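A quick write-up on the structure given underneath.
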Amino acid sequence: MSRQFLLCFHDFSVWNFRTSLPILEELKDLVGAPFSVLVIPDTENASDEAVENFRATLAKLSSEGFELALHGFKHKAEFSQGRSYAGLIGMNLTGGEAEFAGLCEYESSRLLQAALDAWKKLFADENGNVEKPVAFIPPTWFSNKYLPGQVRAEKMLYEDRFSMTTAHGKRYSSPVASFAGIPRATEKAAFVYAEGILKFPFGTPRIAVHPVDFPRLRDVVRDTIRVALNNRRKLVHYSEL
């Protein structure tokens, strides 16, 4: 079995899709194939024109072979009475982006369904038919004890910071290389870590790319992808696991 890796572009939304498209094309040219794009489905307060253009862009990406996965609901936490103290810490560490962190069972289910409903609005055809996303990735990977089971019950792969678990329960060890939101002083150490997990002969590592990585960290991202390719890792999608 060939060694594998995933290239995952996070935070693709109605607010940044126009500026993100050139980055997707650049990375596609580098890696030699379309990869996974993690979609924030909420379009609240966006204009009708922007939403329609976003939907058309998503359809085009899908037709080109990009894999589209569900990345939370708003990627910004809302007030919840059901959030644990640990969840509040996660919110504080991520600037309020860890919307699923520490939620109770009911609130976690409610937010997941809101994300799926927003997905349906983006992808439903003229007859209202829509395929569920193949994978769900909670923003910032902070979660709660109920979410993995809720995601798998919806027949989606669940991803956390160190692993991926398919809807059928198969678990993959999957460390992630990511540079978004880290202090500049730790960027070199983060690249060394990325090199290590991509050269290690086991597991299915992920390279998580974010819009905020560009343009400043463009070279770092490109060098990380080259490490994977030079170590003869095969690019795969979530749906192939």
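The values are calculated or read from the model by the stated rules, or taken from the named source; none is laboratory data. Bear in mind the structure is a predicted one, so any value in this text is a computation, not a measurement. Don't worry about glycine lacking a Cβ; one is built from the backbone with ideal geometry, like all the others, and counts go over all protein chains shown. Ligands, DNA and RNA are excluded from the accessible area calculation, which covers all protein heavy atoms including side chains. Shrake-Rupley method; radii C 1.70, N 1.55, O 1.52, S 1.80 Å.
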Contact order normalised by residue count of the range 77-234, Cα under 8 Å, 6+ apart, percent: 15 percent
For Leu241, solvent-accessible area (1.4 Å; no DNA, RNA or ligand), Å²: 40 Å²
Candidate lysines for bridging to Lys74, where Cα separation is under 30 Å - those fewer than 8 sequence places away on the same chain excluded: Lys28, Lys60, Lys120, Lys121, Lys132, Lys145, Lys155, Lys170
Label-point separation, Val130 to Asn53 (7 Å along Cα→Cβ), nm: 2.1 nm
Potential lengthening between Asn230 and Val212 on full extension [0.36 nm per residue; Cα-Cα distance subtracted]: 3.9 nm
Loop GluC sites (Glu not before Pro), the range 86-154 (other Cβ atoms within 10 Å of the site Cβ: 14 or fewer; DSSP): Glu126, Glu131
Cβ-based charge dipole, the range 17-76, positive-most Cα from Ser63, Phe17, Val37: Val37
For the range 86-92, 3J(HN,Hα) per residue [Karplus equation, 6.51 cos²θ - 1.76 cosθ + 1.60, θ = phi - 60°, Hz, x = Gly/Pro]: 4, x, 5, 5, x, 4, 5
Globularity index of the chain, i.e. its alpha-carbon radius of gyration over 2.2 N^0.38 Å: 0.98
Distance between the range 1-66 and the range 149-191 - C-alpha centres, whole angstrom: 18 Å
Selection of trypsin sites (Lys or Arg not before Pro), the range 174-225, meeting DSSP coil and at most 16 other Cβ within 10 Å: Arg216
Residue order for Trp119, Trp15 - accessible surface, 1.4 angstrom probe, largest first: Trp15, Trp119
